[in-house]
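The values are calculated or read from the model by the stated rules, or taken from the named source; none is laboratory data. Treat the numbers as computed from the prediction; the structure is a model and nothing was measured. Every residue, glycine as well, gets a Cβ built from its backbone with ideal geometry; the counts of neighbours run over all protein chains shown.
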Protein chains: 4
Amino acid sequence: MTVVTAISQENIIVGEVANGLPLTIPVYRLKGDGTGPSVYIQANMHGAEVQGNAVIYQLLEQLKQLKLKGDITLVPYANPIGCNQKSGEFTLGRFDPITGTNWNRMYHYNSDLVTEFANTHSRFNDDALKRAFKQSLISEINNKLNGPAYLLNTGKRIALNLQKLAHQADIVLDLHTGPISSKHLYCPTFARNSAHYFNIEHVLLIPNDFDGAMDEASFCPWWHLSEKLATQGRKFDVQVEAFTVELGSQERIDLTEAKNDANSILSYLTYKAVFTDANYRPTDITRYACHLDDYLAYYAPIGGMVEYIAPLGGHIKAGEPIANILRMENYLQAQPLQTLTLDTDAIAILHFASASVNQGTELYKFFTNTFEL
Amino acid sequence: MTVVTAISQENIIVGEVANGLPLTIPVYRLKGDGTGPSVYIQANMHGAEVQGNAVIYQLLEQLKQLKLKGDITLVPYANPIGCNQKSGEFTLGRFDPITGTNWNRMYHYNSDLVTEFANTHSRFNDDALKRAFKQSLISEINNKLNGPAYLLNTGKRIALNLQKLAHQADIVLDLHTGPISSKHLYCPTFARNSAHYFNIEHVLLIPNDFDGAMDEASFCPWWHLSEKLATQGRKFDVQVEAFTVELGSQERIDLTEAKNDANSILSYLTYKAVFTDANYRPTDITRYACHLDDYLAYYAPIGGMVEYIAPLGGHIKAGEPIANILRMENYLQAQPLQTLTLDTDAIAILHFASASVNQGTELYKFFTNTFEL
Amino acid sequence: MTVVTAISQENIIVGEVANGLPLTIPVYRLKGDGTGPSVYIQANMHGAEVQGNAVIYQLLEQLKQLKLKGDITLVPYANPIGCNQKSGEFTLGRFDPITGTNWNRMYHYNSDLVTEFANTHSRFNDDALKRAFKQSLISEINNKLNGPAYLLNTGKRIALNLQKLAHQADIVLDLHTGPISSKHLYCPTFARNSAHYFNIEHVLLIPNDFDGAMDEASFCPWWHLSEKLATQGRKFDVQVEAFTVELGSQERIDLTEAKNDANSILSYLTYKAVFTDANYRPTDITRYACHLDDYLAYYAPIGGMVEYIAPLGGHIKAGEPIANILRMENYLQAQPLQTLTLDTDAIAILHFASASVNQGTELYKFFTNTFEL
Amino acid sequence: MTVVTAISQENIIVGEVANGLPLTIPVYRLKGDGTGPSVYIQANMHGAEVQGNAVIYQLLEQLKQLKLKGDITLVPYANPIGCNQKSGEFTLGRFDPITGTNWNRMYHYNSDLVTEFANTHSRFNDDALKRAFKQSLISEINNKLNGPAYLLNTGKRIALNLQKLAHQADIVLDLHTGPISSKHLYCPTFARNSAHYFNIEHVLLIPNDFDGAMDEASFCPWWHLSEKLATQGRKFDVQVEAFTVELGSQERIDLTEAKNDANSILSYLTYKAVFTDANYRPTDITRYACHLDDYLAYYAPIGGMVEYIAPLGGHIKAGEPIANILRMENYLQAQPLQTLTLDTDAIAILHFASASVNQGTELYKFFTNTFEL
């Protein structure tokens, strides 16, 4: 195999633990010729969602054989605490075990910055505006990181270090998985065309609201800037696309599937003209979309032991069984087996990872009011 | 001991667990003659914060000897899941172990309801307005509880069941503790006068923002209503006072101290004319206050083993040591003992429960810009 | 459906939790005509191993249609603490979260009792001997349960309550699962013939050593008694057969598979003449066995992210790949993908539940030196 | 301060975690002139038991000012996994979170080695015997560490790496703490004289049984060898003394107290002639002892919220209250406050760390049948 583009590695330190060991994250970089968009891809911000590391492995294996227009930065093991936090046999990595805060809700966004920037930079041309705004986003993060150490909590420090890398890119992909899940894509509505280039059947269209996640932290500032400038009568396209790519189920490494997912990403990057010559094409599949407001969380109406019936990715008709809940504490007096249904048509996207639930545990998530993209 | 006022008990079911056992909460009630404000007191929403149960015990021991003007409802063990969730030796009860959501951030508030209510009830007199608004708050909760079971998650169901009880009262006290903590009171700014009647030296003045907690869920609707009516030119006092009472440290039962805290609450209730004849008086102490914006979280600037120095309740001068952090992984090359200071005067309110911290763990919380109440 | 044999229910209390709620376990009973052996079946002693509850459901559905010679007692949800102990999304139920003690290592066995009994009852005939020994085992448990409450820890109290039921039976089945696992059977060597009647391909032959588990607690006393009497020159068959039945993977309810497993158990019980008329027959499969000493735990030789390759139940040749370990922290300098092999032929029985492991995490368990049963 | 004896540092790697980061432990060494016994001291094998690190800090501060006869090796942060394993706010470090195995029960001891050694080395003189046996113990550990990596689980690998260091010493101190605890010393009965030189009031005398702990792993081989040789008619003193030093409560760093504890250890080492000139003397206190069989675990006879009354180190008379258990779920029908007593005189040594307990949680541990040492 001929290596066409060199890969370099840097390790960044994002914290330290109680016995003084540093928390380091490897950062891999490939240089482009500067004529295409730059790309940032990270994986495993949630500890149990490991498959993204395998996708980055498969991406590196292919990227080094390609000539790039844009720089590409890849960060596996994005969260060294989440990665290594076991509780029982499983990785407890969705939230900080001390505070309960979701690791993917700690990115920074100061919307006041956008307003002020739009007011003070209206005479910049598009290119200068893009450069200046990118720089101001990065400065904001640097100020936080260089401020008093006692103002930063553990997760914020990790998030800011990653966000600093992400803000340098024009394209941001945050690789996640669901619990037990089909593949799906969180896609900002302005970028819905791009969703056609990922090999992902299910697309969740999300609005311009910041809730702390990496994808939002990457595109919301640019989207808001675009909206703000529109009120000034100026058309300025959103300059950054960012997606959360949900690769399937957590606690699973599948190298073959990782290669498929790498190809899906390479197809999207081909479309975005990141490569000089590569020509990855999307597969010919029907893509189904739903709006975030229609993404239904179905909580267990009773506690019990669950047999999941609705297949992931399956199109469910209203009234069809989606799960059985077994209740053995009262076999004689009550119906020990309760079959659950949904009162609307839906696509089952993911379900809970455990087979035993309290009343009110999130059992399934469904696309409702779906449409072909 | 003569029982003057009878206590009744009801058990409410707020959920069920995987093996079908119901999650029940005991609710104790004492009836007043209807001429005074009604009171709701709950404890132990966070699993490790058990001292409130002892305070409710001491309250019941005294309340049954008193004649009441207003009804009083007391709810120990408010969270049957948090209560019983151990992880290692300690109770893991600040957040749902499945989702990471803080149990005290799941109460409901629909601010649209206030706007609509203010618009449609402007001709009601004060008494009728209060009754109608109270009823509309309760209806809103009932609608949620009576809606499809699959829409309610575990914590929301517990919270709504408690909130339904709380909305019936004019005075709401939510008994909590910090990790290792001095006593302090979360007090809405409009009710700062009332803070003089609790035997609590440290008072945190909080604004009219809803962030999901019981105290906010209780007073925000009324405060917003008052503000809304003020814009119509009508003065309508905030009708409900609600406080989060922080009793000291978690994982501790102290029956003597619980009696002191019961007396503190009885002093406040005396002031609010809940009793016919009792005359509990506040102790003569200086009360220090700070605004929520000045409540400083101090995160560990490095990881390590912590010797906490700043005494809880202690008035710390800028530059004085607050903690030592021991780092033994590099005793020869680096300074193994780092002394931390604060660059402003402050009162130490609480500190972290463990002696070993990651970089970024919340080490201390301080009142800054304090003033005598 | 005609109910031929009535089912009765009793709830036993095996403990109470911090907020006073009792820990109850449902016990279902069907009466035989007294001419056959009595049976005790329990499930879910380990919290995440839920499938046994579904098997008990399927057993009850069929047993009530049969005429029984022996009494049958069935206990789902055997461990009300383990059942409901979540940590993150998963059930943390293999060990007491406070002490780390495996819930299935707390049963009681006093080997001195056997020696003393053999010495003092040598003149009893076989029937009387059996009755007396069974009674002495039950008395031993009752004495523990009726002794000072402060001498019993949480798990011991649960275990003794179950063991008291188990000692009344001639056949004991403890339904478990592995983490991610093929079906297998823990079978005492003296009962290897019986293993032909379960529809389970993999049989682990275990010696007469007590290590705290339910199966051992049930058969060891009888086996030791048999051995002891043999030294007196008396042949006295082991009177109690006990098996740990590993049903497959944890965190999974599959009602169809549960019916298959119920049929497997009914086949064994038919062989043991528990039914008047039923005639469940074992399936025609090859059964592979290995001795407990040859049951190989394979620990991760390095830390990393694991792709499990060896299929469960698969016959692996020495040198064939069993897993890949991905290491992305040093992609450029080291081989990022390590393929693991075994240096002996083996059958893969189970593997770890998570895809990320520390160096030294138990990765796989293998039958080695296997033979056809 | 003049440094008289140089300190050197080595970092040993005892494992690696899922993202490839190595688990390193710092090892500090001071050289003696070879005329005195060598010493091994480690701390923090259990994650929450951090005070030993502070004691090692205070030891280093003083040792570097002394001239040594024997070499001293000090190992803080002995368990890099336990150290950093949080669950909620607290450190979950008594057992491997994956398997439940107590980290201090994984040391190695092969008693067959002793028998064989005694048989084959009977003609060695005492010095040669000691050297050869020490070497054979170390070889045994090296063989394990150098054997196939897939045979070692995570905790065993950490333990063996530490044990290899410990076997090189004549004196082994393993620094631990209880949950909430008074200071106490685990002392092998053969070394009871030495207990007079520690400033520790409570001494637990333990027999020659190996249960997996570091102290036992250090002295049992030598003690058994001594016993074995005695049966050959040869008197050979036990050559290694080892103690588990319980420094007080977990989750606490107290540098002043650490200095006291360092002085206590230096007093014992003075007695053992480790120093050329230092003359640390024990404090004049009464030391109380009890045999391990009389060390009473008192389990909560009911579930509830606990007020601990018996003071740690306090001499309790039979019938005196030791704790109150509050039960608020049934305030009206049952006695809400249960006072617990003990039916024998005792010294309270430690109690549970949390204030809420299940029925059967270990509430207190007591010395009974105590005597002055």
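Quick notes on this structure:
- Of all residues in the stretch B:37-74 being part of a helix (DSSP H, G or I) and within 16 Å of B:Val274 (Cα to Cα), the one that is nearest to the chain's Cα centre (by Cα): B:Leu59
- Any chance C:Ser218 is closer than 19 Å to C:Arg192 by Cβ, crowded, with 24+ Cβ neighbours inside 10 Å and not hydrophobic (A, V, I, L, M, F, W, C): yes
- Yes/no for C:Leu229 being farther than 19 Å from C:Ala48 by Cα and in a strand (DSSP E or B): no
- All positions within the stretch B:283-306 that are under 30 Å from A:Glu16 (Cα atoms) and out of contact with any Asp or Glu (no Cβ under 9 Å at 6 or more places or on another chain): B:Asp293, B:Asp294, B:Tyr295, B:Leu296, B:Pro301, B:Met305, B:Val306
- Residues (among the β-branched types (Val, Ile, Thr) and more than 9 Å from chain B (Cβ to nearest Cβ)) located in the stretch A:15-37: A:Thr24, A:Ile25, A:Val27, A:Thr35
- Meets criteria (of a type in the set (Gly, Ala, Ser), touching a helix residue (DSSP H, G or I) at 6+ places or on another chain (Cβ under 8 Å), surrounded by 20 or more Cβ atoms within 10 Å (Cβ to Cβ) and within 22 Å of A:Tyr186 (Cβ to Cβ)) for A:Ala310: no
- Odd one out for B:Gly82, checked against (1) touching a residue at least 60 places away in the same chain (Cβ under 8 Å); (2) crowded, with 24+ Cβ neighbours inside 10 Å: (1)
- The single condition from (1) more than 14 Å from every other protein chain (Cβ to nearest Cβ); (2) of a type in the set (A, V, I, L, M, F, W, C); (3) over 25 Å from B:Ile158 (Cα atoms); (4) out of contact with any Phe, Trp or Tyr (no Cβ under 7 Å at 6 or more places or on another chain) that B:Leu266 fails is (4).
- Within the stretch A:283-307, if we keep just the residues that are closer than 24 Å to A:Asn260 by Cβ and in contact (Cβ under 8 Å) with a residue 12 or more places away in the chain, the residue that is surrounded by the fewest Cβ atoms within 10 Å (Cβ to Cβ) turns out to be A:Thr286.
- Scanning the stretch A:91-128 for residues that are within 14 Å of chain B (Cβ to nearest Cβ), part of a loop (DSSP other than H, G, I, E, B) and free of Cβ contacts under 8 Å to residues at least 60 places away in the same chain yields A:Leu92, A:Gly93, A:Arg94, A:Asp96, A:Pro97, A:Ile98, A:Thr99, A:Gly100, A:Thr101.
- When residues of the stretch B:53-80 are limited to those that are within 11 Å of chain D (Cβ to nearest Cβ) and of a type in the set (Ser, Thr, Tyr), the one farthest from B:Asp254 (Cα to Cα): B:Tyr77
- All positions within the stretch A:1-25 that are within 26 Å of A:Ala278 (Cα to Cα), part of a loop (DSSP other than H, G, I, E, B) and of a type in the set (A, V, I, L, M, F, W, C): A:Met1, A:Val3, A:Val4, A:Ala6
- In summary, strands (runs of 3 or more DSSP E) completely within the stretch A:322-373 and bearing 1 or more residues that are free of Cβ contacts under 8 Å to residues at least 60 places away in the same chain occur at A:337-341, A:346-351.
- Of note, D:Leu165 does not satisfy the criterion of being within 14 Å of chain C (Cβ to nearest Cβ), of a type outside the set (Asp, Glu) and in a helix (DSSP H, G or I).
- In this structure, B:Tyr280 does not satisfy being touching a residue at least 60 places away in the same chain (Cβ under 8 Å), surrounded by fewer than 21 Cβ atoms within 10 Å (Cβ to Cβ) and either in the same structural domain as B:Ile72 (by TED's automatic domain parsing) or touching a Gly at 6+ places or on another chain (Cβ under 7 Å) (or both).
- Verdict on A:Gly88 being closer than 29 Å to C:Pro97 by Cα, over 18 Å from the mean Cα position of the chain (by Cα) and free of Cβ contacts under 8 Å to residues at least 60 places away in the same chain: yes
- Looking at A:Asn53, A:Asn11, A:Asn44, A:Asn19, just one residue is touching a Pro at 6+ places or on another chain (Cβ under 9 Å) and surrounded by fewer than 16 Cβ atoms within 10 Å (Cβ to Cβ), and that residue is A:Asn11.
- When the stretch C:355-373 is filtered for residues that are in contact with a Gly (Cβ under 9 Å, 6 or more places away or on another chain) and within 18 Å of C:Arg94 (Cβ to Cβ), the ones remaining, listed by number, are C:Val357, C:Asn358, C:Gly360, C:Thr361, C:Lys365.
- Looking across C:Ala297, C:Ala289, one residue alone is in contact with a Ser or Thr (Cβ under 7 Å, 6 or more places away or on another chain), among the small types (Gly, Ala, Ser) and not in a loop (DSSP other than H, G, I, E, B). It is C:Ala289.
- Per the conditions (1) in a loop (DSSP other than H, G, I, E, B); (2) closer than 14 Å to C:Tyr331 by Cα; (3) hydroxyl-bearing (Ser, Thr, Tyr), the sole criterion not satisfied by A:Tyr28 is (1).
- The stretch A:221-257, residues that are closer than 30 Å to C:Pro336 by Cα, surrounded by 23 or more Cβ atoms within 10 Å (Cβ to Cβ) and either of a type in the set (A, V, I, L, M) or modelled with pLDDT under 95 (or both): A:Ala242, A:Val245, A:Leu247
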